[in-house]
Structure formats: structure tokens, C-alpha cells
1. Within region 19-33, track down each residue that is touching a Leu at 6+ places or on another chain (Cβ under 8 Å) and hydrophobic (A, V, I, L, M, F, W, C).
2. Find all pairs meeting these conditions: Cβ atoms under 6 angstrom apart; at least six residues apart or on different chains; first residue within region 41-55 and within 11 Å of residue 154 (Cα to Cα); second residue at pLDDT 95 or above and crowded, with 16+ Cβ neighbours inside 10 Å.
3. Restricting to region 1-51, and then to whatever is of a type outside the set (Gly, Ala, Ser), in a helix (DSSP H, G or I) and in contact with a strand residue (DSSP E or B) (Cβ under 8 Å, 6 or more places away or on another chain), can you tell me which residue is surrounded by the fewest Cβ atoms within 10 Å (Cβ to Cβ)?
4. From the list 103, 113, 142, pick out the single residue that is over 18 Å from residue 25 (Cα atoms) and either touching a residue at least 60 places away in the same chain (Cβ under 8 Å) or not hydroxyl-bearing (Ser, Thr, Tyr) (or both).
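The values are calculated or read from the model by the stated rules, or taken from the named source; none is laboratory data. Computed from a predicted model, the values in this text were never measured in an experiment. Note: ideal-geometry Cβ built from the backbone for every residue, glycine included; neighbour counts use all protein chains shown.
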Amino acid sequence: MAAAELPNPNLDVALSPLKGESRPMREWLTTFHLASVVLDPYTNESSWILATAARIMRQFSGAAVRVNFLIACGPDDARTFLGPLADEFLVYCDPDRAAIRALGLSELPAFVLVQSNGTIPAAAQGWNATDWKQVAAKVAELTSWSKPSLPAPGDPGAFRGTPALV
């Protein structure tokens, strides 16, 4: 799904990090854009993209963007699913999928860029290297950063995602 088809998110929806206090999305956007990899830890499809997602996020770790995982579960399941990645990256837990709904997503995994002005200029749902590459290119353009190589050796073949809202 193209970003033009996604609505601007409700910036009042709360994002709850593993570490720290829950705050409205607008507060997380005051300084940096959000580059979110959205996963459902209860599906194979989200597990297939985990290593690729971490590689992409590491590429942007020093850029003016908050790279993060938005996980459709509570904190305990998020830590179990992500393992050491839960300590490496910012992780938001969304057990009731309110943030996922606010982003207008229909399939997971997804890669979504929310600009600090609250708009979504780029998003990809399911896994297709070309679509995720376009989101990464937009992140790189906005932050004047280098973009990751996509696809890279070890990345999975393209696949449709699972329903984002269950």
C-alpha cells in the first residue's frame, strides 16, 4: 500500500515504550521523525523479517530519526520475541493495536515513516524489498543519511503480510 493511501495518524494515540513512560505520538515527534518497523510477534511473517529490519534500523541509528519497533503485544512478549534487539532499539508495545490502527495499517510486517509534522510520506506493508527500499530512501532523504542496501544477501523473498487488525 502506498503512503498516499494511508491517513495522517491520530497524534494523540499513546506510544508505550518498554523503558519509560507512555506518551502521545505527537510528543515522540517533537524532535525526530519516527521510522517504525511494525511487527506481530505471533506470526511467522514478522519473524522472517526481523534480521532484515534490524539491519535497516542499524543503518539509521545515528540519523535524525527515531528508529523503533512497534510490536503488537505487551512488554513480556515483546522482549521474548525481540531477544537482545529489545535492548538495542526503542520498542513500543501496542497490545490493543491502537497505534497500528492509527497508522492505518492493514498488513504486518510494515515499515512506516511518520514525519515530525505528523504525515506519513512513505510506508510499506508485507515484505517486498522494492517497497521497503522506497521507505528507506525517504528516511535517508529526510535525514541526509545513507540508505541501506535492499535486498541484501539473507533477506527473505517477497511475501504478503498478515492482517494488522485482528
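1. If the condition is that a residue be touching a Leu at 6+ places or on another chain (Cβ under 8 Å) and hydrophobic (A, V, I, L, M, F, W, C), then 25, 28, 29 are the ones that fit.
2. Close Cβ pairs (under 6 Å, with a partner that is at pLDDT 95 or above and crowded, with 16+ Cβ neighbours inside 10 Å) amount to 49/109; 49/127; 52/155.
3. This residue is 48.
4. 142
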